[in-house]
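Before any comments, here is the structure.
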């Protein structure tokens, strides 16, 4: 009999899913911090519009960060929780000294594309493992992130 985790999933597969989710968690933390910096430092003709949008996006990112960490715990693994771990595991880079609409919006869009790529990779592993909880979490987030990318592209065009 295969070794199962506390919710009845194969332990080895749940470890693989958790590794992917931890990379996503770390990347979301860098995405979140980038958005905070953009919110604080945005300048220019679209200041009011983007200041509010970045706040909306970072508040949403916080909710997602919590959901990802709790999913990792649910499948019996440990979420990353230090900044040094986030920087090491993230696939998103820190964005420093950006303040114009074009550069902050394009960086946000690019960060979301990284998150989407990670989510799709994890989704495949989770789906093959029958991990419906992770699939559901990721599917909902993918849909929302794709819509946001579309809107950011519209802003940039």
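The values are calculated or read from the model by the stated rules, or taken from the named source; none is laboratory data. A quick note: this is a predicted structure, and the numbers were derived from the prediction, not measured. Please note: Cβ atoms are built from the backbone with ideal geometry, for glycine as well, and neighbour counts cover all protein chains shown.
Could you tell me which residue of the stretch 39-60 is nearest to residue 99 (Cα to Cα), considering only residues that are out of contact with any helix residue (DSSP H, G or I) (no Cβ under 7 Å at 6 or more places or on another chain) and assigned to a loop (DSSP other than H, G, I, E, B)?
The initial filter retains those residues of the stretch 39-60 that are out of contact with any helix residue (DSSP H, G or I) (no Cβ under 7 Å at 6 or more places or on another chain), namely 40-41, 43, 45, 47-49, 52-53, 56, 59-60.
Restricting the remaining residues to those that are assigned to a loop (DSSP other than H, G, I, E, B) gives 43, 45.
Details: 43: 6, 45: 11 Å.
Among those residues, the one meeting the criterion is 43.
Taking the stretch 2-38 as the range and being in contact with a strand residue (DSSP E or B) (Cβ under 7 Å, 6 or more places away or on another chain) and either assigned to a helix (DSSP H, G or I) or buried (at least 24 other Cβ atoms within 10 Å of the Cβ) (or both) as the test, only 11 passes. Screening the candidates 120, 71 for the property of being assigned to a helix (DSSP H, G or I) and within 30 Å of residue 40 (Cβ to Cβ) yields one hit, 71. Got at least one residue in the stretch 44-65 being surrounded by 18 or more Cβ atoms within 10 Å (Cβ to Cβ), touching a residue at least 40 places away in the same chain (Cβ under 8 Å) and under 25 Å from residue 19 (Cβ atoms)? Yes, the stretch 44-65 contains a residue that is surrounded by 18 or more Cβ atoms within 10 Å (Cβ to Cβ), touching a residue at least 40 places away in the same chain (Cβ under 8 Å) and under 25 Å from residue 19 (Cβ atoms). Is it the case, given these coordinates, that residue 112 is assigned to a helix (DSSP H, G or I), within 12 Å of the chain's Cα centre (by Cα), more than 18 Å from residue 19 (Cβ to Cβ) and in contact (Cβ under 8 Å) with a residue 60 or more places away in the chain? The answer is yes for residue 112. Number of residues in the stretch 66-78 that are without any contact (Cβ under 8 Å) to a residue 60 or more places away in the chain and under 15 Å from the mean Cα position of the chain (by Cα) equals 4.
Criterion first (assigned to a loop (DSSP other than H, G, I, E, B) and at pLDDT 95 or above) does residue 81 satisfy it? Answer is yes for this residue.
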